[in-house]
Amino acid sequence: MDENLEKGIKLIQEVENEAAVPFLRKALKNEPKNPEIFRLLGLAYFNLGQYNEALSHWTKSIKLDPSHHQTLWNIGNLHEIEQRFDDAFKAYNQAAVVAEEESNLEKAKRYAEWAKRVKTK
């Protein structure tokens, strides 16, 4: 794994999101088609409250890998925070479908529960 990516992940885990961004950007230069790096950049920006920037990176992640269920779940979180519950439901539901197609049944079940919960809002 790219050392910049490793450092970026570590910084996100340590809730040092602003410090993580430059490392993730460097990692992206080495792997410009890696959807996970876009997801992590989105996560860092989300944690910083920069929702438009987060969604921009998550959209790029999904374009590279439409079955990236963690990114779909992140998008659902963003929509839910913005009280866009129909969009959150769609993202969570899509994450559940994709995870199930990949035989990741535990995650599929969890995403479906999020979809069900947000549907009632």
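Where a number appears in this text, it was derived from the coordinates with a stated rule and is not lab data. Every value quoted in this text rests on a predicted model; they were computed, and no experiment measured them. Cβ sites come from the backbone with ideal geometry, for glycine too, and all protein chains shown count toward neighbours.
Between (i) 2, 12, 23, 28, 22, 10, 2, 0; (ii) 2, 14, 20, 20, 20, 15, 7, 2, 0; (iii) 2, 11, 17, 19, 15, 11, 9, 7, 4, 3, 1, 0, 0, which matches P(r) over Cα pairs in 5 Å bins from 0, in percent calculated for the structure shown? Correct label is (ii). The fewest-to-most ranking of HIS79, HIS57 by surrounding Cβ atoms within 10 Å reads HIS79, HIS57.
Counting only Cβ charges, +1 for Lys and Arg and -1 for Asp and Glu, the dipole size of the chain around its Cα centre is about 280 debye. Loop-located GluC sites (Glu not before Pro) in segment 82-121 (DSSP state other than H, G, I, E, B) with a sparse environment of at most 14 neighbouring Cβ atoms within 10 Å: GLU82, GLU102. With the Cα gyration tensor of segment 1-52 giving a ≥ b ≥ c as the square roots of its eigenvalues, does the rule (a/c under 1.5 for rounded; else a/b larger than b/c for prolate; else oblate) give rounded, prolate or oblate? Oblate shape, in that a/c is at least 1.5 and b/c is the bigger or equal ratio. Under the criterion of Cα pairs below 8 Å and six or more residues apart, the relative contact order for the chain equals 16 percent. Along each principal axis, taking the top coordinate minus the bottom one, the Cα set of segment 66-121 gives 30, 20, 11 Å in descending order.
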